[in-house]
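Read-outs throughout are calculated quantities, based only on the coordinates presented, and are distinct from any laboratory measurement. Bear in mind that the values here come from a model prediction, so they are computed numbers and not experimental data. We place every Cβ from the backbone using ideal geometry, glycine too, and count neighbours over all the protein chains shown.
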């Protein structure tokens with residue numbers, strides 16, 4: 001995956017270009033711009049492919065977004081600007097703010113913004129903001145066989161940024177993973193989760209809703225601080241077809257490997273995944289009625305949500321089997337052409353949450369989850385992705401995730417519950433999904449004496 005690229009590493013480029021040269025080029029871009037305007041200078045690093053994980057910082061906020069099979073890797077370090085929002089209008093608020101930023105954004109390339117948001121519009125129990133839009137101070141990119149760096153600052157802070165950018169590359173994160181042990185035996189937690197599945201099935205059979213998605217988590221503890229780098233390295237190797245993502249803020253790092261595209265928007269073209277149904281080695285086939293029913297609910301809901309924003313009714317492509325590591329899913333791509341004036345944030349507003357992560361009908365499922373104290377940490381089952389300076393972007397559903405907080409790491413997974421769900425089979429499905437991160441954790445090379453342990457379920 002990693003290849004040496006030429007002519008320069010980011011540090012060599014910044015050293016080669018004297019501050020006066022960088023300042024001159026930045027000031028040319030910023031000429032007559034208001035002090036709050038974003039200024040982004042993109043510099044070519046040369047041909048090659050690089051995953052940037054050796055530049056992951058140890059003491060600065062960062063974003064990571066990679067599609068290894070496509071040779072596409074991005075690492076955003078620091079924050080030139082960040083905006084947060086919460087509540088029912090969080091997407092509208094961030095969309096309006098981003099539209100304003102784009103009006104004055106000066107750049108010589110294609111700078112990017114990162115977006116992350118929680119399942120619950122108010123953040124729920126999330127340790128991260130309900131919704132966060134961030135433009136990194138330094139963006140390292142590798143795509144289409146070329147590497148580049150984009151430096152971003154507001155017009156008024158260019159002089160400060162010239163001092164900050166080299167510092168963002170000067171303290172890489174540690175590579176070692178300490179030994180991790182499970183917080184407690186999982187048996188009681190598993191039985192409690194099965195009881196919730198049975199409660200959901202009773203309400204589904206009574207006609208109160210058709211589907212609800214239940215999440216569960218497992219937590220491990222370590223004697224030392226846990227860094228994300230070794231886990232991201234393993235995910236890039238083991239899940240090359242997935243979207244590998246991470247966001248770090250202080251002591252919290254949210255990361256994962258997701259197979260599901262919530263929405264892509266390019267010009268006026270829309271694409272979304274209807275992904276539901278799961279199979280794994282030793283499980284029943286995907287063509288069973290339960291999986292087919294789950295998938296049909298997601299397709300119908302996405303088409304219904306997108307239709308008012310499209311020139312004509314969106315098209316659902318034929319169902320296909322979609323591999324995701326040791327798992328497989330049913331997927332239908334849904335495509336459409338947006339009405340004039342439609343923005344990516346408008347699409348997020350109508351799509352999230354889909355029945356793949358919440359349930360169906362949406363309002364009834366959300367009410368059920370709130371009434372039964374559903375807890376989802378970090379941005380699990382929310383979204384994470386990228387936007388460019390023209391408003392195009394791609395947002396993935398934040399699945400197969402882990403939340404690192406200092407000395408602890410919590411893994412999350414969920415399963416869709418319908419009328420004919422088998423509670424213990426649904427539990428097995430969540431264990432299979434947790435396996436995406438467990439396999440990566442177990443595959444990390446550790447120093448002598450270090451280990452990753454898990455207690456086996458006795459249920």
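Counting beta carbons within 10 Å around each of 380, 98 and listing the fewest first gives the order 98, 380.
Once the convex hull of all Cα atoms in the chain is built, its volume per residue stands at 135 Å³. Sequence-distant contacts, meaning Cα pairs under 8 Å at least 6 residues apart, place the relative contact order of the chain at 21 percent. Working from Cα pairs under 8 Å separated by at least six residues, relative contact order for region 10-168 is 35 percent.
Taking 0.36 nm per residue of sequence separation and removing the Cα-Cα distance, the residue 285/residue 174 pair yields an extension gain of 35.8 nm. Counting only alpha carbon atoms, the long axis of helix 187-205 and the longest principal axis of the chain meet at about 70°. Determine, at each q value in 0.20 (inverse angstroms), the log₁₀ of I(q)/I(0) that the Debye formula gives when each Cα of region 303-459 is one equal point scatterer. For region 303-459 at q = 0.20 Å⁻¹, log10 I(q)/I(0) is -1.55. Between 0 and 90 degrees, the angle of helix 423-442 with respect to the longest Cα principal axis of the chain falls at about 30 degrees. When Rg and Dmax are taken over the Cα atoms of region 79-186, they come to 18.0, 55 Å. The distance between label points at residue 363 and residue 350 comes to 1.7 nm (points 7 Å beyond Cα on the Cα→Cβ vector). Were the residues from residue 317 through residue 292 laid out at 0.36 nm apart, the gain over their Cα-Cα distance would be 7.5 nm. Annotation for residue 102 and residue 122: the two label points, set 7 Å from Cα along the Cα-Cβ direction, are 3.2 nm apart.
How tilted is helix 90-104 with respect to the longest principal axis of the chain? Cα atoms for both, answer in degrees (0 to 90, nearest 10). For 90-104 against the chain, the angle is about 20 degrees.
With distances taken between every two different alpha-carbon atoms, region 223-364 has a Kirkwood hydrodynamic radius of 16.8 Å.
Dividing the summed -39500 (n - 2.57) terms of all DSSP H runs of n ≥ 4 by the residue count of the chain sets its mean residue ellipticity at 222 nm at -9000 deg cm²/dmol. Full extension of the chain between residue 392 and residue 340 yields a length gain of 17.3 nm, computed as 0.36 nm times the residue separation minus the alpha carbon distance. FRET efficiency for the pair residue 202 and residue 237, taken as 1/(1 + (r/R0)^6) with r the Cβ-Cβ distance and R0 = 41 Å, rounds to 0.45. With the simple spin-label model, which puts each label point 7 Å out from Cα in the Cβ direction, the residue 442 to residue 252 separation comes to 3.0 nm. For region 10-168, the Kirkwood hydrodynamic radius from C-alpha pairs, put into Stokes-Einstein at 10 °C and a viscosity of 1.306 mPa s, yields a diffusion coefficient of 96 µm² per second. With q set to 0.12, 0.16 Å⁻¹, the log10 of I(q)/I(0) for region 197-307, from the Debye formula over equal scatterers at the Cα positions, is -0.70, -1.10.
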